[in-house]
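Read the structure below first, then the notes.
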Amino acid sequence: MKLITFRKKDNKTSIGWLQGNDVVDMQKASPELPGDMLTFIDHHETYFDIIEKLGKIEPHFSIDEVKLLPPLPNPRSVRDYIGFEMHMLNASRSFGHSISEVWYEMPIYYFTNHQAIYGPEDEIARPPKETKMDLELEIAAIIGKGGKDIEAGKADAHIFGYTIFNDWTARAIQKREMEMPLGPCKGKDFANAFGPCIVTADEFEQYRVPFSEEFFNEPLRTPERKADRFNVKMEARINGVTVCEGNYKTVYHSFGEMIERASENGVQLMPGDILGSGTVGWGSLIENKFSVHRPIVPGDVVELEIEGIGVLRNKVI
């Protein structure tokens, strides 16, 4: 199921799901269903039972009759990881750094701004005086079942679904801030785009593949923890031109490991928390030192596409 949050022509917001190019409005389908995604996620088992009992539902709108919003406009938190070694190798080289061995031992994350949430077709304002605005092509997992000290091998049961994540980055600001060894600050504080939908975990299972060392060719190391991966193509385009391609199966740290790390030491994960995978290898312009494409400027249209989820499109202003 592909779940969406949307605005109708009367300016009211609702949630629903896609049937091809059509939309089912949950509250029109049943008064027992909620009108916001966070409530749905909090009690999703109950609501999925209600939907199943409804049987076939005729769509209420075509996709062109509604405005898609961020599928989860109000996440409880957003952790963003650095899950792909190729991105680490490329970005570290661009900044004149090397990868610490700590990165291979554990998935590293930071908390990003969960109030700066944007959705499909939203305009993204380039920070004033920024000269090297960049995209970051990621997939995000949404937590559906909370918990503490969750083992990686049991973590899949805690994932509600997946969406596309553009971790917009101001590289000029970031470079200056990185002279102080703290986490990302204003360079990653202005915009986090998600969408166009949340693909439920059960639907995304069709892309699951067993771990294979063939996913990790030189110069990549083979991960010590050999969990399954999703074989989904990932692509970024600027003004219709492909600027980077990748595949989630090359991730070094799986979402299971990320959930395990986030919930360690008795930390409570909550439904509606978001975990970003980190940027897929070559999934940002900085990795080629902006040689593939110049920095993003106002007027550019950026599209991120992930197989099985869709396209997340934004214009920069």
Quick one: dipole size for the chain, taken about the Cα centre, charges +1 on Lys/Arg Cβ and -1 on Asp/Glu Cβ, in debye to the nearest 20. 920
How tilted is helix 85-95 with respect to the longest principal axis of the chain? Cα atoms for both, answer in degrees (0 to 90, nearest 10). 50
Label corresponding to Rg and Dmax of the Cα atoms in Å when calculated from the structure given, among (1) 19.1, 58; (2) 18.4, 53; (3) 20.3, 66: (1)
Sort 240-249, 82-91 by packing, meaning the average of other beta carbons within 10 Å per residue, with the highest value first. 82-91, 240-249
Restricting to lysines and to Cα separations under 21 Å from residue 67, and discarding same-chain partners fewer than 8 apart, the set is 2, 8, 9, 12, 28, 315
Arranged from highest to lowest average of other beta-carbon atoms within 10 Å per residue, in what order do the peptides 26-38, 268-280 appear? 268-280, 26-38
Which whole-number percent gives the relative contact order of the stretch 77-316, counting Cα pairs below 8 Å spaced six or more residues apart? 33
Based on other C-beta atoms within 10 Å, arrange 10, 228, 64 from fewest to most. 10, 64, 228
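A short reminder: the numbers here are calculations on the coordinates, not readings from a lab. Note that this is a predicted model, so its numbers are computed, not measured. In this analysis, Cβ positions are derived from the backbone assuming ideal geometry, glycine residues included, and neighbour counts consider all displayed protein chains.
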